[in-house]
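Novice: Okay, here's the structure, questions in a sec.
Laboratory data are not the source of any read-out in this text; all were calculated from the coordinates shown. Nothing here was measured: the structure is a model prediction, and the numbers come from that model. With ideal geometry, Cβ positions are generated from the backbone for all residues, glycine too; neighbour counts draw on all protein chains shown.
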Amino acid sequence: MKLLVCDPTAPQAVAAMREAGIDVTVQDDITLEELENVIADYEAIVVRSRTKVRAPLIDKATNLKLIIRGGVGLDNIDVDYARSKGIEVRNTPSASSNSVAELTVGYLFALARRIPQATASLKAGKWEKKAFSKGSELSGKTLGLVGLGRIGRLVAHKALALGMSVLYHSRHHKPELEAELGIEYAALDDLLAEADYVSLHCPLSEETRHLIDERALRLMKPTAILVNTSRGAVVDTEALLQALQQGWIAAAALDVTDPEPLPADHPLLELDQVIGTPHVGAGTAEAKARVGEEVAQIAIEFAAR
């Protein structure tokens, strides 16, 4: 089987696939135009979030049988169209879950104690002890999870260990997890109204696009904080800007945005109460290694059929 690696993938994974007899080509900075010219030569491709596999590209992939997405979401792939062409689409949903969950909890601490702002103040030569002595503890606060998949469950575990109460909302009640974890289901409106922190862990779909819009943001407490490590378009960017400017909510932490990246002069980036990272939820050595392992396993099993 000929396989093309289109985005950065752990060298150990590439080596494992080659050892299994797969003909692997690595072009992990390939452009869309270059990919369109060569994709007909391959039976399988590996992508992360950078490479977009849309219908026009799929039409050129006349020999393609497998698309492996190293990561959780599949919104950069036209999955239904690919499958209609007989192409199998796989991902690695569990590999990066803990890294994203840990980033989420890191955001909770950073926002509760305004760590990034205090650091910036110190580096500017200031000693604003009084201004930064107004933080809050996470213990005793309520965390609202929108989505209770792998990442959401891990965040719940970690939040409970910190003494937080956890509410969750998902498409389906999950009584067995409620009993196991000690969390409670809430309707979305109730969760938004009650939570001190709202953390998003749902996939992007037509149902969840702009799920957090003006109406949703107005339901939140003026002291509440929004954390998004899922997909940028789950949040209406302009509504979030308005919510922060007008004090509907207190702060936000964003690993993802819509669009991505935001323009450098976007007013959201100028707000002191906004912190963020450039979509690095899965950006740990451990997650990358696990993603690579799962990618290699999927490819090797597929080639052996």
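Novice: Separation between the Asp59 and Ala285 pseudo-spin-labels, each 7 Å from Cα along Cα→Cβ, expressed in nm?
Specialist: Roughly 4.6 nm, to one decimal.
Novice: Continuing with the same structure: Please report, in whole Å³, the volume per residue of the convex hull around the C-alpha atoms of the stretch 252-296.
Specialist: Per residue, the Cα convex hull of the stretch 252-296 comes to 91 Å³.
Novice: Counting Lys and Arg as +1 and Asp and Glu as -1, what is the net charge of the other residues whose Cβ lies under 12 Å from the Cβ of Arg231?
Specialist: So the environment of Arg231 carries a net charge of -3.
Novice: Once each part is reduced to its C-alpha centroid, what is the distance from the stretch 252-274 to the stretch 1-67 in angstrom?
Specialist: Taking the Cα centre of the stretch 1-67 as reference, the centre of the stretch 252-274 is 32 Å away.
Novice: Taking N as the number of residues in the stretch 1-158, what is its Cα Rg relative to 2.2 N^0.38 Å?
Specialist: 1.44
Novice: Sticking with this one: Express as a percent, rounded to the nearest 5, the fraction of DSSP beta bridges in the chain (both residues included) that run antiparallel.
Specialist: Numbers: 0 of 39 bridges.
Expressed as a percentage, antiparallel bridges in the chain total about 0.
Novice: Let me ask you something else. List the relative contact order of the chain as a percent without decimals, with contacts defined as Cα pairs under 8 Å and 6+ residues apart.
Specialist: Computed value for the chain: 17 percent relative contact order.
Novice: Let me check I've understood the local charge: for Leu154, count other residues with C-beta under 14 angstrom from its C-beta, Lys and Arg +1, Asp and Glu -1. What total comes out?
Specialist: +1
Novice: Report the gain in length on full extension from Ser133 to Arg18: 0.36 nm times residue separation, minus Cα-Cα distance, nm rounded to one decimal.
Specialist: The span from Ser133 to Arg18 would gain 35.8 nm if fully extended.
Novice: Across the Cα atoms of the stretch 97-276, what radius of gyration and what greatest pairwise Cα-Cα distance (Dmax) are found, in Å?
Specialist: Using the Cα atoms of the stretch 97-276, the pair Rg, Dmax is 15.9, 52 Å.
Novice: Can you give the angle from 0 to 90° between the axis of helix 97-113 and the longest principal axis of the chain, with both taken from C-alpha atoms, to the nearest 10?
Specialist: Roughly 20 degrees, rounded to the nearest 10.
Novice: Separate question: Take the alpha carbon gyration tensor of the stretch 160-205, find the square roots of its eigenvalues, order them as a ≥ b ≥ c, and report rounded if a/c is under 1.5; if not, report prolate when a/b exceeds b/c, else oblate.
Specialist: Taking the square roots of the gyration eigenvalues as a ≥ b ≥ c, the stretch 160-205 is oblate.
Novice: Kirkwood Rh, the stretch 2-67, all Cα pairs: how many Å? Show your work: numbers first, answer last.
Specialist: On the way: mean 1/r = 0.0840 Å⁻¹.
Its Kirkwood hydrodynamic radius stands at 11.9 Å.
Novice: Which angle from 0 to 90°, rounded to the nearest 10, does the C-alpha axis of helix 237-246 make with the longest principal axis of the chain?
Specialist: 10
Novice: Here is a further query. Given only helices, namely DSSP H runs of n ≥ 4 each adding -39500 (n - 2.57), what is the per-residue ellipticity at 222 nm of the chain, to the nearest 500 deg cm²/dmol?
Specialist: It lands at -11000 deg cm²/dmol.
Novice: Here's something else I'd like to know. Which pairs break 31 Å Cα to Cα here: Lys221/Lys288; Lys52/Lys141; Lys129/Lys158?
Specialist: Pairs exceeding 31 Å: Lys221/Lys288; Lys52/Lys141.
Novice: Same structure, new question: Relative to the longest principal axis of the chain, what angle (0 to 90°, nearest 10) does the C-alpha long axis of helix 150-161 take?
Specialist: Compared with the principal axis, the helix lies near 30 degrees.
Novice: Now for a separate question. May I ask you to derive the relative contact order of the stretch 249-305, considering only C-alpha pairs under 8 Å and at least 6 residues apart, and to give it as an integer percent?
Specialist: It comes to 37 percent, rounded to a whole number.
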